[in-house]
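Structure first, commentary second.
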C-alpha cells in the first residue's frame, strides 16, 4: 500500500477524499446493519424454535430442507457483508494513510469512475482483470483424477464437451470417451 507514497506521491488531490470517506462510512453502516439484522432474525433462535416444533423427527424432510436452506442463505449473506466490511475498513485506512485511490498492485491512480462504482476498490481495472484471468479450458484437478480412475473407467462431468480435446490429460484406456 505504501507504494504510491514511496514513489513520491502524496494523497490524491484530483478527487474529493472527504466525499469518498462519507460514501464508505455509509456503506459500512449499511453492512453493519445488515449483519445485525441477520444475526437477530436468523441466528437468534434454534432450528427447532424457528420451525415451531418441539421435535424435528416427525417433520417432513422438505420442510426441514427449506428452513435449512434459508439459514444457509442467510449465513452466506452475512459472510458476504463481513467481507464487505473488511474491504471498506481497508479503504478507510488507505484514506487515512494517503494511499486511497492508488492501485495497491501497480501504484497507478484508480480512475474516479471506478472509485465511484466501487469505493472500496484497491485495484485499477487492468490489475483487477489480470487477477481474475481464468485460463481457457481450466478445470478442477479433481476432474482429472476422476476421469482417469481405473476401477470406474473414468467418468464424465456435466461440463464435458465430448468433441473437445483436453491437452493436459494423457490419452489412455481409462480416459472418458464420446459415446
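Here is a list of conditions, (1) part of a loop (DSSP other than H, G, I, E, B); (2) modelled with pLDDT of 90 or more, and residue 27 meets all of them except one; can you say which number that is?
The one condition residue 27 does not meet is (1).
Within the range 97-123, track down each residue that is in a loop (DSSP other than H, G, I, E, B), surrounded by fewer than 20 Cβ atoms within 10 Å (Cβ to Cβ) and more than 17 Å from the chain's Cα centre (by Cα).
98, 104, 105, 106, 107, 108, 111
If residue 94 meets every condition in (1) in a helix (DSSP H, G or I); (2) in contact with a strand residue (DSSP E or B) (Cβ under 9 Å, 6 or more places away or on another chain); (3) at pLDDT below 95 apart from one, which number is that one?
Tallying (1) in a helix (DSSP H, G or I); (2) in contact with a strand residue (DSSP E or B) (Cβ under 9 Å, 6 or more places away or on another chain); (3) at pLDDT below 95, residue 94 fails exactly one: (3).
The values are calculated or read from the model by the stated rules, or taken from the named source; none is laboratory data. What you see is a predicted model; the values in this text were computed from it and never measured. Methodologically, a virtual Cβ is constructed for each residue, glycine included, from the backbone with ideal geometry; neighbour enumeration extends over all protein chains shown.
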